[in-house]
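Below: one structure, written as structure tokens.
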Amino acid sequence: MNEIGHTPALAGAAVEDSRDLTGVNISDHSSNTPRKSTLCAALGLAKRGFCIFPVHYPTNGECSCGNRDCASKAKHPLTDHGCLDASQDEATIRSWFEKWPSTGLAIATGSRSGVGVMDIDGEAGEEALSALEKTYGALPTTLQAQTGRGRHVYFALPAGTDLRNSAGALGPHLDVRGERGYVICPPSVHISGARYRWTHRVKPALLPPWLAALLAEPARPQSDSRNTDQVISEGQRNQHLASLAGSMRRRGMSQSAIEKALLEENRLRCDPPLPESEVCQVVASVARYKPVPASSLGSPSEATQPTKPLGFSLVGLRELLARPETPVDWLWQGRLAEGTVSAVVSKPKVGKSTFARNLCLAISRGEELLGLSTRGGACIYLALEERVEDVTADFRAMGATGGEQILVHADTIPARGILALIELVRERKPVLVVIDPLFRLAHIKDEKAYAETYAALGPLIDVARDTGAHILVTHHMGKGMAKADPIDSPLGSTAIGGAVSSLVILKRSEAYRTVQTVQRLGQDMPETVLTFDSETRRLSVGGTRFEVDRQECGEAILEFLKAAGEGKTEPEIDDRVDGKTTLKRKALRDLAENGSVTREGSGKRGAPYKYSFSCSHYIPGTREQETQKAPESRENTGGNLVPTVEQKSFLVPETEKTHFEGEPGMAEVEI
């Protein structure tokens, strides 16, 4: 939050010109080349302390969302979570412009940017403001922008101020945007074609005390005769407005009429009112359904279903091809897409739960996992097999502080099972839900029955698609499936592998653990070596399994040649070193190329190549380390990949290691 003295700063006195806050002159930019000036403006705003995010823009007189009946044209967010995605990070802002070159800009108000904004809409708004100024005094000189139909007046908020959004609380056509709200800002283009522009480029003035007092206790119209039983509180607002909108749509009301009614209902009864953008989203969602004929109004169930011939919703191919391509929104880059379901499968005690908790922690912080970026957001973790003490200890060891957006359920399963989860997801709106494990929540009698398994997964797929949340389930790997086709690896029915969008497979051998993915969206991840720190429970990624196997094979060849003391032919090496022939030959070629072995001979009949150990180039032991434990002393630690024990070098023979004395932390090498 920006404190007084650290509010978004704008040098210069109050002026009226065509420059944005970066000084870029935008008056001569046509609507066909907005990107450069808009990007400059976005970066300039971010440097001055504003959190910004992209919004839809006009195209051929319509909103870029493609919906001709859009109720918030060129004003609603392009990102999934609107103002919650607002950022000052340059890389993030540039990535938005790569994705949406013609985007408009919005500023997140409230504590995110340290400002509140009064939206004065047209002459009626100016008249209402004039009446307030006659009573309380004129507004101070402050940052202002011209909008499509009026103006935005910016005020700096003192630290700790919780300014609520309101619509008409100060007077007709006077709205206020504060916490969890936003405003469109210059140099965006209004749906009318007019460009937003700064008219008073000065530092935002402090919110006047009289205005703060009025907003703290919003005035209600005298006609509002509500009592406390009529107040719609947090947790009920969306459901109430959606139900009301559905009822109006069922009776044939237009989208614009429903929007006006819901905005008024939101203003009068919701405490606190929802942001106008969120109300418009509710209206747009309900408006997708066609009104029910008058003869059917007695059937409430029909009012919530779109009109479809014979139960199918048919769209012409021409219309589909005319729609703009929609890029995949990744929760975990290239691996887990938003609005889909995935499964993590492995044999018991390989690390499904540890993987899931690493994923939760990374997403809650917006950090990378295994070298791939995540989109930060709230997570729900359902630990249905473990004690809450064990889950808590794991997160604590991973460095969780308690400030992460993670909600944990480590208790008995609700009686309503998946239905209860669906209600929870719709209410909480997380970006990630982990069900650990699936079959503790989904009661399936016959795990091999395709229809029964798919029917249990269906509601999860639907709620993920409807809410944009990603739902990840953990599940056991079938017996004898470690070497089978990865898609067949889940225990029981193939419905699991077929239904999920991403399948994550964890495996364990005597030497290492691996992860690979099978993707419906994006490219599959090849089998890749995982390393694990037993103290922090954190995962990191090594090379692919092929690379690690090749390195291991190379080390075995070097050990053999070193012990032999003389040159050996390829057949002799192949006979004495374990592994696939193709892998050994590739490793041998690599060793020859990097000078670790010397090669003599012509390779012709009677003079085959012979390979000898090269002392001057042999510097093995450079692999990353993994903590692991001898089989005879392993303990049952639930979902932990490996119990906490002393570390030893990963894939390096124990008998040939030493440390350089006096130099702690140096890599272990063979001597």
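The values are calculated or read from the model by the stated rules, or taken from the named source; none is laboratory data. Here the structure is a predicted model, which is why all the values come from computation and not from measurement. Cβ: placed from backbone, ideal geometry, glycine included. Neighbour counts: every protein chain shown. Just so you know, the surface numbers come from the protein's heavy atoms only, side chains and all, with ligands and any DNA or RNA stripped out. Shrake-Rupley method; radii C 1.70, N 1.55, O 1.52, S 1.80 Å.
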Scan region 333-348 for residues that are in contact with a Ser or Thr (Cβ under 9 Å, 6 or more places away or on another chain) and either assigned to a strand (DSSP E or B) or buried (at least 19 other Cβ atoms within 10 Å of the Cβ) (or both) and report the count. 11
Would you mention how many residues in region 347-376 are on the phi > 0 side of the Ramachandran plot and in contact (Cβ under 8 Å) with a residue 60 or more places away in the chain? 4
Give me the pairs: first residue in region 99-118 and over 26 Å from Pro140 (Cα atoms), second residue assigned to a loop (DSSP other than H, G, I, E, B) and among the basic types (Lys, Arg), beta-carbon distance under 9 Å, and six or more apart or on different chains, which are they? Gly104/Lys75
State whether the residues of region 415-432 include one that is modelled with pLDDT of 90 or more, over 20 Å from Gly339 (Cβ atoms), hydrophobic (A, V, I, L, M, F, W, C) and open to solvent by 20 Å² or more (accessible area, probe 1.4 Å). no
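Looking at Leu21, Leu10, which is the one that is surrounded by fewer than 21 Cβ atoms within 10 Å (Cβ to Cβ), touching a Leu at 6+ places or on another chain (Cβ under 7 Å) and modelled with pLDDT under 85? First the steps, then the outcome.
Values: Leu21 fails: surrounded by fewer than 21 Cβ atoms within 10 Å (Cβ to Cβ).
So the residue among Leu21, Leu10 that is surrounded by fewer than 21 Cβ atoms within 10 Å (Cβ to Cβ), touching a Leu at 6+ places or on another chain (Cβ under 7 Å) and modelled with pLDDT under 85 is Leu10.
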Meets criteria (free of Cβ contacts under 8 Å to residues at least 60 places away in the same chain and not aromatic (Phe, Trp, Tyr)) for Ala397: no
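Looking for something touching a Lys or Arg at 6+ places or on another chain (Cβ under 7 Å) and either of a type in the set (D, E, K, R) or in contact (Cβ under 8 Å) with a residue 24 or more places away in the chain (or both) - is there at least one such residue anywhere in region 415-422? Break it down stepwise before answering.
Let us first name the residues in region 415-422 that are touching a Lys or Arg at 6+ places or on another chain (Cβ under 7 Å), namely none.
For region 415-422, residues touching a Lys or Arg at 6+ places or on another chain (Cβ under 7 Å) and either of a type in the set (D, E, K, R) or in contact (Cβ under 8 Å) with a residue 24 or more places away in the chain (or both): absent.
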Residue tally, condition open to solvent by 10 Å² or more (accessible area, probe 1.4 Å) and farther than 26 Å from Val425 by Cα, over region 451-482: 5
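Pick out the one residue from Leu170, Leu105, Leu163, Leu139 that is out of contact with any Gly (no Cβ under 9 Å at 6 or more places or on another chain), open to solvent by less than 40 Å² (accessible area, probe 1.4 Å) and at pLDDT below 90. Full working, then the answer.
Values: Leu105 fails: at pLDDT below 90; Leu163 fails: out of contact with any Gly (no Cβ under 9 Å at 6 or more places or on another chain); Leu139 fails: at pLDDT below 90.
Going through Leu170, Leu105, Leu163, Leu139 in turn, just one is out of contact with any Gly (no Cβ under 9 Å at 6 or more places or on another chain), open to solvent by less than 40 Å² (accessible area, probe 1.4 Å) and at pLDDT below 90: Leu170.
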Looking at (1) surrounded by fewer than 24 Cβ atoms within 10 Å (Cβ to Cβ); (2) within 30 Å of Ser87 (Cα to Cα), which is the one condition that is false for Leu384? (2)
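Filter region 466-496 for residues that are at pLDDT below 85, of a type in the set (Gly, Ala, Ser) and in a loop (DSSP other than H, G, I, E, B) and give the result.
Taking region 466-496 as the starting set, the residues that turn out to be at pLDDT below 85 are 477-496.
Next cut, of a type in the set (Gly, Ala, Ser) only: 478, 480, 482, 484, 489, 492-493, 495.
Gly478, Gly480, Ala482, Ala484, Ser489, Gly492, Ser493 - these are the residues of region 466-496 that are at pLDDT below 85, of a type in the set (Gly, Ala, Ser) and in a loop (DSSP other than H, G, I, E, B).
I'm trying to understand the selection: among the residues of region 269-308, which are part of a loop (DSSP other than H, G, I, E, B) and at pLDDT below 65? Talk me through it step by step, then tell me what you get.
Residues of region 269-308 that are part of a loop (DSSP other than H, G, I, E, B), as a first pass: 272-275, 287-293, 297-299, 304-308.
Residues satisfying the conditions are Val292, Pro293, Leu297, Gly298, Ser299, Thr304, Gln305, Pro306, Thr307, Lys308.
Just to be sure, is Trp96 within 26 Å of Pro324 (Cα to Cα) and touching a Leu at 6+ places or on another chain (Cβ under 6 Å)?
Numbers: within 26 Å of Pro324 (Cα to Cα): yes; touching a Leu at 6+ places or on another chain (Cβ under 6 Å): no.
No.
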Evaluate the following for Leu321: is it surrounded by fewer than 18 Cβ atoms within 10 Å (Cβ to Cβ), assigned to a helix (DSSP H, G or I) and at pLDDT 70 or above? yes
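Just checking: which of the strands (runs of 3 or more DSSP E) contained wholly in region 133-194 hold 1 or more residues that are β-branched (Val, Ile, Thr) and touching a residue at least 24 places away in the same chain (Cβ under 8 Å)?
Output list reads 150-156, 174-177, 182-185.
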Hey, among the residues in region 497-554 that are basic (Lys, Arg) and in contact with a strand residue (DSSP E or B) (Cβ under 6 Å, 6 or more places away or on another chain), which one's modelled with the highest pLDDT? Lys507
Got a number for residues in region 553-587 being in a helix (DSSP H, G or I), surrounded by fewer than 19 Cβ atoms within 10 Å (Cβ to Cβ) and not aromatic (Phe, Trp, Tyr)? 16
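Among the hydrophobic types (A, V, I, L, M, F, W, C), modelled with pLDDT of 90 or more and in contact with a Ser or Thr (Cβ under 9 Å, 6 or more places away or on another chain), is that true of Ala410?
Values: among the hydrophobic types (A, V, I, L, M, F, W, C): yes; modelled with pLDDT of 90 or more: yes; in contact with a Ser or Thr (Cβ under 9 Å, 6 or more places away or on another chain): yes.
For Ala410, the condition - among the hydrophobic types (A, V, I, L, M, F, W, C), modelled with pLDDT of 90 or more and in contact with a Ser or Thr (Cβ under 9 Å, 6 or more places away or on another chain) - is met.
If we scan region 192-205, do we find a residue that is touching a His at 6+ places or on another chain (Cβ under 8 Å), crowded, with 17+ Cβ neighbours inside 10 Å and at pLDDT 90 or above?
Going residue by residue through region 192-205, those that are touching a His at 6+ places or on another chain (Cβ under 8 Å) are 196.
Checking the rest, the ones that are also crowded, with 17+ Cβ neighbours inside 10 Å come to 196.
So of that shortlist, the ones also at pLDDT 90 or above come out as 196.
For region 192-205, residues touching a His at 6+ places or on another chain (Cβ under 8 Å), crowded, with 17+ Cβ neighbours inside 10 Å and at pLDDT 90 or above: present.
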